[in-house]
Each structure stands twice: as C-alpha cells, then as structure tokens.
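First comes the structure, then the notes that go with it.
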Amino acid sequence: MDHRMPPEAKIHGQPSFPYTVYKGNVPGFFPFYPLHWHEEMEIIYICSGQGVITIQSHPYIVKTDDIVIVPPQSVHSIEQYPDAQMEYFNILFQFSLLNYSTNDACYEKYFKPLYCHSKLPPLSLASEMDLNRLLRPHIIHLIENRKKSEELMVKSNLFAIVHHISQYSSPTSCAELSLKNNYDKLKNLLLYIQSNYNCTITVEKAAAICGFSPSHFMKLFKELTGKSFSQYVIDYRLEIAAGQLIETSDKIIDVAENVGFHNISYFTRAFRSKYGETPSAYRDRCITNITVSHP
C-alpha cells in the first residue's frame with residue numbers, strides 16, 4: 001500500500017467493487033507513512049505490537065486488538081512507536097459500494113454524516129471498548145476471507161460495521177469542524193507538494209496555496225502536522241528517496257537530484273538523521289531483506 005502520495009492515487013479494489021484489505025507493518029521498509037488521505041472509509045485493526053496513528057492532528061497510541069476508524073477524506077499518518085513494531089490490517093471501501101445513490105435515505109442518515117464529518121464515532125477503540133467488541137467479529141471475518149470472492153459476505157459485514165459505527169456516533173463539535181476546514185485547505189498544499197517536491201517551494205508560495213498569510217500559515221502548519229513546513233518538505237523528499245533507493249538502481253547522487261537535493265553531502269546527512277544510516281547502507285539492508293523474504 002503506497003502511503004506516500006497525498007491523496008492516494010492508488011485505486012483500492014476494483015471500480016465495480018471498491019473494497020480491499022491490506023496487511024501492513026511498521027517500521028518495515030519505512031518507519032512511518034506520512035500524511036495522506038483518500039475517499040474510502042478505512043478501518044485499521046492492530047493484530048500485534050504497538051504504534052501511533054494520527055488522524056486530523058490527534059495522535060493515538062494503539063496496540064494489539066485495538067481498532068482505528070479513519071473517516072473518508074481524513075488526513076492521517078501511521079508511524080512507529082519508539083523501539084516497537086506493529087502489524088495491522090487496513091480495510092478500505094467506498095460508501096458507493098453500500099448505497100445506490102445519494103438520494104437513498106440510508107445515505108442521508110448513515111453515510112453522509114460520516115463522509116462530511118458532521119457525526120463521528122470515537123476514532124480509536126481500545127480492545128476492551130464496547131464498539132470494538134461489536135466491530136471485531138466482522139473485521140476478523142473480512143480479514144480471514146480477504147482472498148475469497150464473496151461479495152455478499154463482504155457487503156453484509158460492511159453494513160454491520162457502518163451500523164455499529166453510526167450507533168456510537170455523535171455530533172461533531174465546532175472545534176472539530178473548524179479543524180476539518182483547515183485540513184481541507186492544507187490538502188491543496190499536500191497535493192502541490194506531491195507534484196513539485198523536487199522543486200523549490202517557498203513559504204510564501206505554500207501560504208498562498210492555502211489562502212493564508214505566511215506568518216499564520218507557518219503557525220497553523222506546525223499545529224496541524226507537528227513540524228515546520230520546511231522540515232515536512234525535507235521529510236517528504238527523503239521518503240520518496242528511500243523508495244527510489246529500493247525500487248531503482250539509480251546512483252545515490254541521481255536519487256538525491258531526483259527528489260530535490262542538489263548537495264549530496266547535505267542529502268546524506270539528512271538521510272542519516274532520519275533513517276539512522278547512510279543511503280547506501282539503507283539500500284543494501286532493504287535489498288538484503290527482500291532477497292531473504294523472497295528467495
């Protein structure tokens with residue numbers, strides 16, 4: 001699952017049946033998956049370990065048997081909890097799979113509030129919570145049968161999941177709606193970075209894309225993402241570089257240039273600071289792991 005592109009360009013499932021289940025892990029090849037969003041509803045089930053999932057600025061520390069609900073269009077990320085590993089499953093589906101049109105009464109009552117974030121459930125469900133206990137059998141069923149083509153079974157479990165989520169949803173506060181509005185503006189910038197990460201992006205340009213003054217933008221960006229704009233761009237470039245180191249045979253100096261680093265010494269220092277090893281050591285380790293896993 002490619003989490004590096006906000007919004008995700010990847011199609012989840014088939015156009016005629018927009019549903020899929022992925023298995024993921026952190027750190028894996030990447031210690032975290034940066035901010036991204038998609039149109040699908042996402043249910044994350046933690047099958048082992050511990051990690052941190054952030055949704056719209058709220059970080060949740062999750063562990064085995066916890067469930068995380070990611071409403072459509074929510075900006076979120078997944079990262080490693082210090083010195084811990086986490087394995088999880090992602091269940092993604094579009095609401096169109098479960099309703100025939102936006103004129104459907106069920107859409108207005110159950111799906112639209114979740115899509116527009118006007119009513120939301122608790123997003124992080126510890127294993128002992130009632131909603132977790134209600135959802136878990138349906139989630140486990142979908143995970144265990146993910147390789148089978150049983151469309152009615154999938155739909156019946158998804159309907160049950162949405163039903164239980166709706167029963168535990170409550171009106172969103174004004175503060176949460178305001179936060180969503182700020183994130184909606186931020187999405188335009190994340191999309192711009194996706195297409196222009198190898199170019200110089202000034203604070204003034206970024207602020208203009210979001211419709212803010214530079215000073216307000218810098219303050220708001222730090223509040224929403226937990227890091228400065230310049231650091232976010234550097235981290236995003238390094239994430240793309242890490243992928244290219246594994247997926248291509250390009251020289252390291254060419255990878256650095258591809259992602260916008262024009263000083264190889266600075267690229268190497270920044271990469272080591274983020275990943276704890278040089279680009280060449282990172283490439284060698286990951287390729288060795290792939291070879292061992294797929295003899």
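The values are calculated or read from the model by the stated rules, or taken from the named source; none is laboratory data. What you see is a predicted model; the values in this text were computed from it and never measured. Methodologically, a virtual Cβ is constructed for each residue, glycine included, from the backbone with ideal geometry; neighbour enumeration extends over all protein chains shown. Side chains are part of the model used for accessible areas, which takes the heavy atoms of the whole protein and leaves out ligands, DNA and RNA. Shrake-Rupley method; radii C 1.70, N 1.55, O 1.52, S 1.80 Å.
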On a full-extension model of 0.36 nm per residue, what is the gain between residue 281 and residue 235, subtracting their alpha-carbon distance, rounded to one decimal in nm? 14.7 nm
Let me spell out the model: positive unit charges on the Cβ of Lys and Arg, negative unit charges on the Cβ of Asp and Glu, origin at the Cα centre of the chain. What dipole size does that give, in debye rounded to 20? 300
For the stretch 212-295, with only Lys/Arg (+1) and Asp/Glu (-1) charged at the beta-carbon, what is the dipole magnitude about the Cα centre, in debye rounded to 20? 320
Ranked output for segments 170-179, 38-47 by mean other Cβ atoms within 10 Å, highest leading, reads 38-47, 170-179
Between the residues 56, 221, 140, the Cα farthest towards the positive end of the dipole of the chain, that dipole coming from +1 and -1 charges on the beta-carbon of Lys, Arg, Asp and Glu, is from 221
May I ask you to derive the relative contact order of the stretch 63-145, considering only C-alpha pairs under 8 Å and at least 6 residues apart, and to give it as an integer percent? 47
Would you mind checking the stretch 184-203 for residues with the amide N under 20 Å from a putative spin-label position 7 Å along Cα→C-beta of residue 223? 184-190, 203
Let me make sure I get this right: for the stretch 194-236, a, b and c are the square roots of the gyration tensor eigenvalues over alpha carbons, sorted descending. Under 1.5 in a/c it's rounded, otherwise prolate if a/b > b/c, else oblate. Which is it? oblate
Which order do 58, 262 take when ranked by solvent-accessible area (1.4 Å probe, heavy atoms of all protein chains), largest first? 262, 58
Among the listed pairs 63/119; 112/180; 63/148; 227/251; 227/274, give every one whose C-alpha distance is greater than 22 Å. 63/119; 63/148; 227/251
Sort out for me the Cα centre separation of the stretch 227-279 from the stretch 47-108, rounded to whole Å. 28
Dipole magnitude of the stretch 112-263 about its Cα centre, charges +1 at Lys/Arg Cβ and -1 at Asp/Glu Cβ only, in debye to the nearest 20? 440
In whole Å, what are the extents of the stretch 104-259 along the principal axes defined by its C-alpha atoms, from largest to smallest? 50, 44, 34
Send over a whole-number figure in Å² for the accessible area per residue of the stretch 81-198, probe 1.4 Å. 53
In the chain, carbon and sulfur make up what percent of the accessible area (probe 1.4 Å)? 53
Would you rank 210, 106 by solvent-accessible area, highest first, keeping every protein chain in place and using a 1.4 Å probe? 106, 210
Output the DSSP H helices from the chain with an along-axis C-alpha extent of no less than 18 Å and a mean Kyte-Doolittle hydropathy no less than 0.0. 130-144, 151-167, 229-247
Counting sequence-distant residues (5 or more places) and residues on other chains, those with an amide H built under 5 Å from that of residue 120 are 170, 172
The correct ranking of 229, 17 by accessible area at 1.4 Å, largest first, is 17, 229
Diffusion constant of the stretch 55-105 at 20 °C, which comes from Stokes-Einstein with the Kirkwood Cα-pair radius and 1.002 mPa s, µm²/s: 156
